[in-house]
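Student: Okay, handing you the structure first.
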């Protein structure tokens with residue numbers, strides 16, 4: 001068995017394609033350090049300069065009203081619930097303006113599946129943001145929201161994609177992937193579309209020039225084989241479209257939701273999954289660590305397991321924070337994590353183009369205002385920028 005594992009690791013490290021059965025064997029049986037070394041060899045081959053990127057963006061939620069009622073979600077409120085809320089366009093634009101002042105290049109507009117929000121709502125929202133802040137990339141919503149808006153408006157997926165693209169949507173987030181295989185998906189999100197349907201929306205979007213990211217939430221009771229199956233389903237679509245820019249696994253957060261933390265993924269499970277993902281996704285360029293859900297220490301360790309992107313400062317984040325993600329960061333911390341791991345930090349944009357490469361410590365940014373926040377739900381007027 002050792003010889004078999006060594007052969008798979010070497011082939012993958014050399015850029016070869018491995019099967020899902022081989023990926024499962026590596027995930028469950030490969031020695032941890034050998035697994036990490038092989039994944040890091042792929043990273044070095046792809047990014048020989050040793051650059052690790054980060055992003056400055058803001059996650060802005062337009063509503064927490066949702067009809068889907070996913071069991072792992074602590075953010076949503078059912079329609080007519082006393083704690084349900086919706087932000088008007090003026091408030092969303094205010095938050096976009098704060099983000100721009102702090103150097104953000106992207107906003108992620110996300111919300112619940114509001115029963116009244118069809119394609120027309122998103123057309124108005126995206127066009128308003130683009131008109132006010134054309135420099136901001138709108139990397140937003142996910143296939144679940146697209147399916148919901150198409151149903152509300154009575155149009156096809158294709159029509160919905162084309163209309164929101166014309167209104168200003170630049171890129172689709174990997175939101176709503178959770179677990180794509182049927183059994184675990186039905187267990188945690190029985191009212192949500194199937195994983196195959198989620199991927200179908202992504203494929204339609206890719207064919208119309210709207211790229212996306214892909215995510216995975218691990219730790220809600222899925223098996224090791226189902227984790228690998230999730231990745232296989234994504235890779236099959238990527239073979240056809242090439243539209244996924246990055247894969248971003250993250251860990252389920254246990255507070256304030258119906259699952260109540262009965263199952264969770266360990267840091268070791270996460271790091272092994274990260275390494276296997278780098279070896280498995282020969283056709284996906286970027287691999288992002290989720291310091292928000294795992295902590296900055298595990299996020300930094302992931303940089304030695306094939307990761308080339310440390311994600312976002314996230315000036316605002318409400319959804320995962322509502323479920324207990326308590327990790328915070330700031331621009332200085334994130335750059336330090338990258339540099340102290342022996343990598344070269346670089347700020348990127350949505351398309352992973354380098355905006356600023358911090359070749360030496362003298363190049364490092366010093367803006368102390370750029371810091372992440374748990375949540376703005378309680379404090380709607382989040383003081384990100386001074387009144388002056």
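Student: Order of 196-202, 211-217 by packing, highest average Cβ count within 10 Å first? All intermediate terms of the calculation are to be shown ahead of the outcome.
Tutor: Details: 196-202: 20.6, 211-217: 22.7.
My ranking of the peptides, most packed first, is 211-217, 196-202.
Student: Rank these for me by crowding, 356, 241, going from fewest to most other beta carbons within 10 Å.
Tutor: On the way: 356 13, 241 17.
So the ranking, lowest neighbour count to highest, is 356, 241.
Student: If you stretched the chain out fully between residue 86 and residue 14, how much longer would it get, using 0.36 nm times the residue separation minus the C-alpha to C-alpha distance?
Tutor: Details: separation 72, 0.36 × 72 = 25.92 nm, distance 4.99 nm.
Answer, rounded to one decimal: 20.9 nm.
Student: Can you tell me the relative contact order of region 109-193? Whole percent, Cα pairs under 8 Å, sequence separation 6 or more.
Tutor: In percent, rounded to a whole number, it is 36.
Student: Run the numbers for residue 120 and residue 28: contour at 0.36 nm per residue of separation, minus the present Cα-Cα distance, in nm. Don't skip to the answer; put the middle values down first.
Tutor: Details: separation 92, 0.36 × 92 = 33.12 nm, distance 4.69 nm.
Taking 0.36 nm per residue and subtracting the Cα distance, the gain is 28.4 nm.
Student: What FRET efficiency comes out for the pair residue 349/residue 6, r = Cβ-Cβ distance, R0 = 45 Å, nearest 0.05? Don't skip to the answer; put the middle values down first.
Tutor: Values: r = 39 Å, r/R0 = 0.87.
Calculated transfer efficiency: 0.70.
Student: Sticking with this structure for a sec: Listing 119, 210 from the residue with the fewest other Cβ atoms within 10 Å to the one with the most, what is the order?
Tutor: Working: 119 22, 210 19.
Arranged by neighbour count, lowest to highest, 119, 210 become 210, 119.
Student: How do 308, 7 line up, fewest other C-beta atoms within 10 Å first?
Tutor: Values: 308 23, 7 11.
Starting with the residue having the fewest Cβ neighbours, the order is 7, 308.
Student: Related question: What is the chain's relative contact order, in percent, from Cα pairs under 8 angstrom and six or more apart in sequence? If you can, show how the numbers build up before the last one.
Tutor: On the way: 768 pairs, mean separation 82.2, N = 388.
It comes to 21 percent, rounded to a whole number.
Student: Using Cα pairs under 8 angstrom and six or more residues apart, how large is the relative contact order of region 113-272, in percent?
Tutor: Numbers: 226 pairs, mean separation 32.6, N = 160.
Relative contact order, region 113-272: 20 percent.
Student: Same structure, new question: State the extension gain, in nm to one decimal, for the chain segment bounded by residue 186 and residue 332, taking 0.36 nm per residue of separation less the distance between their alpha-carbons. Numbers along the way, then the final one.
Tutor: Numbers: separation 146, 0.36 × 146 = 52.56 nm, distance 4.09 nm.
Stretched fully, the residue 186-residue 332 segment lengthens by 48.5 nm.
Student: Then there is this: Could you check the spin-label model distance between residue 240 and residue 132? Points 7 Å from the Cα along Cα→Cβ, value in nm.
Tutor: 3.8
A short reminder: the numbers here are calculations on the coordinates, not readings from a lab. A quick note: this is a predicted structure, and the numbers were derived from the prediction, not measured. Here the Cβ is made from the backbone with ideal geometry for all residues, glycine too, and neighbour counts use every protein chain on show.
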